[in-house]
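To keep things clear, I will list the structure first and then write my remarks on it.
Bear in mind these aren't lab numbers, they're just calculated from the coordinates by the rules spelled out. Everything numeric in this text was worked out from a predicted model, so none of it was measured. When we count neighbours, we look across all protein chains shown, and the Cβ atoms used for this are built from the backbone with ideal geometry, even at glycine.
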Amino acid sequence: MTAMDTHRINLPRMGLGTWKARPGETCRAVMDAVRMGYRHIDCASSYGNEKEIGEALKNLFSEGVVTRDEMWITSKLSNTAHAPVDVEPALEKSLNDLQLDYLDAYLMHWPVALQKGVWIPRKAEHLVSLEEQPINDTWSAMENLINDGTVRHLGVCNFSIKKLAELCEVSRIHPAIDQVESHPYLQQVELVEFCKEKHIQLVAYSPLGSGDRPKPLRKKEEPVLLEDPVILEIAKTLGVAASQILLAWAMNRGFSVIPKSVNPERLKSNLDAQNLKLETTFIEKITALDQHYRYVDGSFWVLPNGPYTLSNLWDE
C-alpha cells in the first residue's frame, strides 16, 4: 500500500502552547491570543484544560472574531489510550471538550504507553511496553480517523529519527508533524535534516526553556536559556526581548513554535517575533550554543524494572 502524502500543511509558524496554563486563566488567554492574531492553538487531553479552550473557541466563533476555517487546532492522544480500541473514543472526548467537529492535527503525545486510568506512573506496572502495545498498532488506529474527516492531519511528539523512520516504513499515512523540544541548547540538527527530507513539519515546544514547568520536572542548577549571555547580547543589540530572539531563531530554522503564556504583553511580544529578522552573524552565535540539553528529558517515564529507559526513549 502506498503511503499517503500528508506533508502539504499550512501550519502557522506561531502558535499558543497551553501546557501549564492553569484552570481559570486558560479561556481568557486563548481569547486574548486569538484577538491579537494567533491562529494556531496547541492542546492536549493530558493538559486538563481542553474544556476551557473549547469555551474560548465557542465564544470567539460566536462573536465573529474568527471562523473555524481560519484556525489551526492541534490535540494529542493520551498515553493511556494507545490501545487501538481506545483511540477513537479519546479523539471524541477531545472534540467534545473543544466543542469542535474536527481537528487540524492529532498527535501521538509520546512513544510511551500507560495503563488505562493512569496519568502519572508511580511503579513499573503502570507502564505498558512498546512490545506489548506497538506504536504501529496505535498509529494504524489513528489513520482510521482520517477516513471520517474528524482529523485533517496526523503526527507525533517526542519521536526520534529511528522511531520516525520505522513508522514511515510501515504506515499508510506518514506523520505530517513531529513536535519536539527544541531551542539553542537542544538543536537536534540530524532530526531537522531528516524531517526536511521526509517533509515532516517540526514544531518546537519549550522554545524558551520552559522555566515555568512544575518543580518535579526541574533539575538542580539547570541552565536558564532566557539568561544566556549570547542571547541577551543579541537582544540588547536589536532592542528586543530575549524571548523574541529565541522564537525568531527557531522559526528561521523552519520550525513552528508554541510558547505558552497567559500574559497579554508576552503574548503580543511572542507574536511580534514573527517579524524579526536575524543576521547571519547572530544565527551563527546562537548555533554555537548547542549543548544537547533537554529540559523535558522524559525521566518521569523511567521507573525501576520498567520498560522505558532514557536510551530507548530517545534512541541515543
- Task: Give me the compactness ratio for the range 182-316, meaning the Cα radius of gyration over 2.2 N^0.38 Å.
- Result: 1.11
- Message: Place a point 7 Å from the Cα of residue 217 along the Cα-to-Cβ direction; which residues of the range 65-93 have their backbone N under 14 Å from it?
- Response: 79
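Rounded to the nearest 20 debye, what is the charge dipole size of the chain about its Cα centre when +1 sits on each Lys and Arg Cβ and -1 on each Asp and Glu Cβ? Don't skip to the end; give the middle numbers.
Numbers: 34 positive and 43 negative charges, 149 e Å.
Here the size comes out at about 720 debye.
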- Note on the structure: Checked against the positive end of the charge dipole of the chain (+1 on Cβ of Lys and Arg, -1 on Cβ of Asp and Glu, about the Cα centre), the farthest of 204, 129, 274 is 274
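How many percent of the alpha carbon pairs in the chain exceed a separation of 34 Å? Kindly include the intermediate steps, with their values, before the conclusion.
Working: 9567 of 49770 pairs.
It works out to 19 percent of all Cα pairs.
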- On a C-alpha basis, how far is the centre of the range 257-271 from the centre of the range 28-54 in Å? Whole number, if you could? 12
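With both bridge residues required to lie in the chain, what share of the DSSP beta bridges run antiparallel, to the nearest 5%? Kindly include the intermediate steps, with their values, before the conclusion.
Details: 3 of 30 bridges.
Roughly 10 percent of the beta bridges in the chain run antiparallel, per DSSP.
Can you tell me the relative contact order of the range 1-130? Whole percent, Cα pairs under 8 Å, sequence separation 6 or more.
On the way: 180 pairs, mean separation 28.3, N = 130.
Normalised by residue count, the contact order of the range 1-130 is 22 percent.
Quick one: dipole size for the range 21-77, taken about the Cα centre, charges +1 on Lys/Arg Cβ and -1 on Asp/Glu Cβ, in debye to the nearest 20. All intermediate terms of the calculation are to be shown ahead of the outcome.
Values: 8 positive and 9 negative charges, 14 e Å.
So the dipole magnitude of the range 21-77 works out to roughly 60 debye.
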- Spatial separation of Cα centroids for the range 80-141 and the range 144-159, in angstrom: 12
- Message: Give me the percent relative contact order of the chain, please, defined on Cα pairs under 8 angstrom at least 6 residues apart.
- Response: 21
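For the range 32-163, state the semi-axes of the equivalent ellipsoid (square roots of 5 times the eigenvalues of the alpha-carbon gyration tensor), sorted largest first and rounded to whole angstrom. Write down the numbers at each step before the final one.
Details: eigenvalues 162, 47, 33 Å².
Calculated on Cα positions only, the semi-axes equal 28, 15, 13 Å.
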- Mark the label point 7 Å from the Cα of residue 162 along Cα→Cβ and return the residues of the range 112-137 whose backbone N is within less than 20 Å of it. 112-114, 128-137
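When 1/r is averaged over all different Cα pairs and the result inverted, which Kirkwood radius in Å belongs to the range 145-197?
On the way: mean 1/r = 0.0817 Å⁻¹.
Taking every pair of different Cα atoms in the range 145-197, averaging 1/r and inverting gives 12.2 Å.
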- Query: Toward the positive end of the charge dipole of the chain, about the Cα centre and with charges on Cβ (Lys, Arg +1; Asp, Glu -1), which of 189, 242, 19 goes farthest?
  - Reply: 242
- Roughly how big is the range 1-143's charge dipole about its Cα centre, with Cβ charges of +1 (Lys, Arg) and -1 (Asp, Glu), in debye to the nearest 20? 540
- Query: For the range 147-260, what is the convex hull (Cα atoms) projected area averaged across all directions, in square nanometres?
  - Reply: 9.2
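Using R₀ = 22 Å, calculate the FRET efficiency as 1/(1 + (r/R₀)^6) where r is the Cβ-Cβ separation of residue 316 and residue 193; round to 0.05. Present the calculation step by step, with values, prior to reporting the outcome.
Details: r = 16 Å, r/R0 = 0.73.
Efficiency computed from Cβ-Cβ geometry: 0.85.
Give a quick list of trypsin sites (Lys or Arg not before Pro) in the range 68-124 that DSSP marks as loop, anything other than H, G, I, E or B, with at most 12 other Cβ atoms within 10 Å.
Numbers: sites: 68, 76, 93, 116, 122, 123; in loops: 116, 122, 123.
When the trypsin sites (Lys or Arg not before Pro) of the range 68-124 are filtered for loop state and at most 12 Cβ neighbours within 10 Å, 116, 122, 123 remain.
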